Amino acid sequence: MSKKIYLIDANSFIYRMFFALPEFSTTDGRVVNATFGMAKFFTGQMVKEKPDYVVFIKDAKWDNFRHEIYKEYKATRERMPDNLRSQIADIEKMVETMEMDIIEISWYEADDVIATLAKKLESESNDEIYILSGDKDLYALTSEQVKIYDTQKKKISGPKETREKFWVDPKYVTDYLAICGDSSDNIPGVSGIGPKKVEVLVNEFGGVEKIYETVDRIVSGELSPDEVSPEAQKIFKGKTFEKIIDGREMAFLSKRLATLECNVDVSDFRLDNYSFSPESIINEASTDFFQELEFHSLVPRDIKKEKRQDVGRTVKIVWDDSWLDELQLSIWEKHELVLDTETTSISVHSAELVGVSILIWEDDIHYINRLHQWPQVSDERLKRFLIELLESDIKIIGHNLKYDLEVLYLFLGDHAEKTVIPKQKQSSLF
């Protein structure tokens, strides 16, 4: 039976998490949005998907062999934002607490190590190999066994999806990038030759070498432009043809830069050392670290937590719709709860709803975030939650509950008119 292997491109993954979530910090000002995004993925989506093996791979520090080939390689890339750089140590510590080893091989980028491992694993078994990255060059590896997995879009790309993305076969993705260039890595390509022209050239003639063999034959008169397709004829004349001729050196240089190194020394690699289980993710060390970073929603309920002395409860921030779904499921099993609203004013008509606190007696306090700087639940999902709560038979307890309920009904707007309020709540409101 085939196994499922995840090869995680750490640098690409961390960047995507950082820009996917708004910045937010712990109470002592420690920025944690990228760290939290990765923790949420590991403890949520990855636990549900249950890969058999997870390999976490990062770029080697300092320059790599491509800088020897071309000093300007990645020179145009912006410096890592300080608020992301400050999170790298936390992310690496978190990965270690989850019992995942980090692979870093001097002189090579993560993409080269991933390519080497993907080829090695593909040749040794019929296992399913998923590369978790957004890098374009890795699409050259796609096959029936090797796929690119975009975890944010939950899209898996094999050869078919690669052809739809680049309009060339996976084996020609490197050639495509060599001529088009790749601005993210400062791979120059051939100036003035865009994707549509590259598609024609690659699909008719093959890789960079074959394209320039054809160019040489036309220049020498050995091959007449009339002998190629009408689409290629348009490219092999005038200014466009001059650009291709002048761009020869850059095309071959760019191909060397874009080509993945598939022969990195991974002789010490043993797949069994990277086996994955949910227990390895959610353990005492990782839970302690979540509490340190105030990721209260990720701490399992059966883990003993340090309690606040004042109310004997830990506050769990509910800051996305899926957690609100989980909270609602737990609430529906109860007969009563305590509710309080956080607003911008003591006047009902000028107050804006910032958040909602809910206490279930034997549980912690749940704070549903609507307007604070952290990630927030959507208004649509919050309104649905409130309507179903108000229409339920659950007893709601609170201090100055009339104010809280009036704020909620104003927030619900038109939805409030359709909400059927049980008598015990009507007495609080009216």
field: Selection status of V315, within 19 Å of T97 (Cβ to Cβ), at pLDDT below 85 and either among the hydroxyl-bearing types (S, T, Y) or in contact with a helix residue (DSSP H, G or I) (Cβ under 7 Å, 6 or more places away or on another chain) (or both)
entry: no
query: Y139 fails exactly one of the following numbered conditions: (1) farther than 30 Å from F241 by Cα; (2) assigned to a helix (DSSP H, G or I); (3) among the aromatic types (F, W, Y). What is the number of that condition?
result: (1)
- request: Would you confirm whether any residue within segment 86-95 is closer than 28 Å to V266 by Cβ and in contact with a His (Cβ under 8 Å, 6 or more places away or on another chain)?
  value: no
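Yes/no per residue for (1) surrounded by 14 or more Cβ atoms within 10 Å (Cβ to Cβ); (2) assigned to a helix (DSSP H, G or I):
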{"site": "V190", "(1), (2)": "yes, no"}
{"site": "I193", "(1), (2)": "yes, no"}
{"site": "E199", "(1), (2)": "yes, yes"}
{"site": "E204", "(1), (2)": "yes, yes"}
{"site": "E209", "(1), (2)": "no, yes"}
{"site": "D216", "(1), (2)": "no, yes"}
{"site": "A232", "(1), (2)": "yes, yes"}
task: Evaluate segment 293-307: report whether one residue or more is closer than 30 Å to K4 by Cβ, modelled with pLDDT of 85 or more, in contact with a helix residue (DSSP H, G or I) (Cβ under 7 Å, 6 or more places away or on another chain) and in a loop (DSSP other than H, G, I, E, B).
output: yes
- prompt: Under the condition of being surrounded by 21 or more Cβ atoms within 10 Å (Cβ to Cβ) and part of a helix (DSSP H, G or I), which residue from segment 142-169 is nearest to the chain's Cα centre (by Cα)?
  reply: T162
- request: Filter segment 243-292 down to residues that are in a loop (DSSP other than H, G, I, E, B) and of a type in the set (G, A, S) and give me whichever is farthest from V55 (Cα to Cα).
  value: G247
- prompt: Which number in (1) under 23 Å from D364 (Cα atoms); (2) touching a helix residue (DSSP H, G or I) at 6+ places or on another chain (Cβ under 6 Å); (3) not acidic (D, E) marks the one condition that K255 misses?
  reply: (1)
task: Residues that are charged (D, E, K, R) and more than 24 Å from S322 (Cβ to Cβ): find the helices (runs of 4 or more DSSP H) completely inside segment 23-86 holding 1 or more of those.
output: 65-69, 82-85
- request: With the checklist (1) in contact (Cβ under 8 Å) with a residue 24 or more places away in the chain; (2) surrounded by 17 or more Cβ atoms within 10 Å (Cβ to Cβ) in hand, flag the one item K61 doesn't pass.
  value: (2)
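Name the helices (runs of 4 or more DSSP H) wholly within segment 354-430 that hold at least 2 residues that are farther than 21 Å from V315 by Cα, at pLDDT 70 or above and more than 37 Å from the chain's Cα centre (by Cα)? Working first, answer last.
On the way: elements: 379-391, 401-412, 414-417, 423-429.
Helices (runs of 4 or more DSSP H) meeting the threshold: 401-412.
The values are calculated or read from the model by the stated rules, or taken from the named source; none is laboratory data. Note that the coordinates shown come from a computational prediction; the quantities given were computed from them, not determined experimentally. Don't worry about glycine lacking a Cβ; one is built from the backbone with ideal geometry, like all the others, and counts go over all protein chains shown.
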